[in-house]
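The values are calculated or read from the model by the stated rules, or taken from the named source; none is laboratory data. For clarity, every value in this text was computed on a predicted model and none was experimentally measured. All Cβ positions, glycine included, derive from the backbone under ideal geometry; neighbour counts span all protein chains shown.
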Amino acid sequence: MTTEPAHSRSAVAIGVAGAVLVGVLTATQSRVNGELGRALSDGYLAAVISFGSGLVILLVALAAWAPGRQGLSKAFASVREGTTPWWYLCGGAGGALFVLSQGITGAVLGVALFTVAVVCGQTISGLAIDRNGIGHTPPAAITVTRLLGSALALIAVGVAVSAGFGGDIPAWMLLLPFAAGLAVGLQQAVNGQVRRVAGSALTATFMNFLVGATVLLVACLIHEAIVGLPERMPTTPVLYLGGLIGTIFIGGAVVVVRVTGVLLLGLGSVAGQLVMSLVLDLVVPVAGRAVVTSTVVGTLLTLVAVAIAAIPSRSLGTAPLRVR
């Protein structure tokens, strides 16, 4: 089985910058989808609109881009031949779980606890996947700097959102966003594998949206059957851009993960999310949300953590066999 070649320091640096950009777009989409959910008073429907519009965009792109359609044939053929596990094509379920966990626990936990739980899961998932490898991607040695960077990132996120802690929160409710963080790390890894097999980032991104939209549609239908549809739809066009933004950053993550690995992609993405969230809160503030010193300090610490994790250093032991 072939493996991915080692990448130069400059390539890794560019990859980390791309990971930060992925985070910037993720935060932007979160704001757009959050405002759409607020306007609809229905986070489930907002998630379906976001994923569904992204899927429509990708269908049009597939119709116009032959390599993307050929990539679908290659991916399905690889699954039929047994060279690619079928569950590699289901990475979009991780994104769906993340969005659903926001709808189920976000209002109770608040942004602070929700973010900490997700980041903890995503960092652990990234460490585990990089340590073991997955598919055609060989294990990436866990180095001293990556371990230190991961620990500092967790501390930094805790500092950044510390002002939002408080209240009587059931401990069990942290498990769902933690699981979502684990799933997002795996999602990024398998999307990268689909891209390699298909030879097309468009194919991997399309499969991600197809599966995610399907999962969310089922959940939304159940939810709407219980609570009913909103009385009206918002008319502000910008609220419907979440799907377009999602196609860009998920496609970007598919490309970047081959260079950075899952851990650095996750850390860079977290840094980008915090920076963009800070910028948005300063430029386009949300009523009742003030920018506090802890948020600024935590954001700067996260950038330092990513820089530390990207520095080459000695490995901590040998890597085990990769995940198949």
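So here's what we get for this one:
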{"item": "The range 29-63, subset surrounded by fewer than 16 Cβ atoms within 10 Å (Cβ to Cβ) and not aliphatic (A, V, I, L, M), residue farthest from the chain's Cα centre (by Cα)", "result": "Ser41"}
{"item": "Qualifying residues in the range 242-262 (those that are out of contact with any Ser or Thr (no Cβ under 8 Å at 6 or more places or on another chain) and not small (Gly, Ala, Ser)) - the one modelled with the highest pLDDT", "result": "Ile248"}
{"item": "Failed item, numbered, when Val108 is tested on (1) surrounded by fewer than 18 Cβ atoms within 10 Å (Cβ to Cβ); (2) in contact with a helix residue (DSSP H, G or I) (Cβ under 8 Å, 6 or more places away or on another chain); (3) at pLDDT 80 or above", "result": "(3)"}
{"item": "Boolean, Ala66 is modelled with pLDDT of 85 or more, under 16 Å from the mean Cα position of the chain (by Cα) and of a type outside the set (S, T, N, Q)", "result": "no"}
{"item": "In the range 271-296, the residues that are hydrophobic (A, V, I, L, M, F, W, C), under 23 Å from Ala47 (Cβ atoms) and in contact with a helix residue (DSSP H, G or I) (Cβ under 6 Å, 6 or more places away or on another chain)", "result": "Leu274, Met276, Leu280"}
{"item": "Within the range 230-245, tally of residues that are touching a helix residue (DSSP H, G or I) at 6+ places or on another chain (Cβ under 9 Å), in a helix (DSSP H, G or I) and not hydroxyl-bearing (Ser, Thr, Tyr)", "result": "6"}
{"item": "Residue match in the range 38-46 (condition: in a helix (DSSP H, G or I) and polar (S, T, N, Q))", "result": "no"}
{"item": "Residue within the range 189-204 that is modelled with pLDDT of 85 or more, outside any loop (DSSP other than H, G, I, E, B) and of a type in the set (D, E, K, R) present", "result": "yes"}
{"item": "Qualifying positions in the range 119-160 - touching a residue at least 60 places away in the same chain (Cβ under 8 Å), in a helix (DSSP H, G or I) and within 16 Å of Gln193 (Cβ to Cβ)", "result": "Ser125, Gly126, Ile129, Asp130, Asn132"}
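Conditions tested, residue by residue: (1) part of a helix (DSSP H, G or I); (2) farther than 27 Å from Gly266 by Cα; (3) modelled with pLDDT under 85.
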residue: Thr2; (1), (2), (3): no, no, yes
residue: Pro5; (1), (2), (3): no, no, yes
residue: Ala17; (1), (2), (3): yes, no, no
residue: Thr26; (1), (2), (3): yes, no, yes
residue: Gly54; (1), (2), (3): yes, no, no
residue: Gln70; (1), (2), (3): yes, yes, no
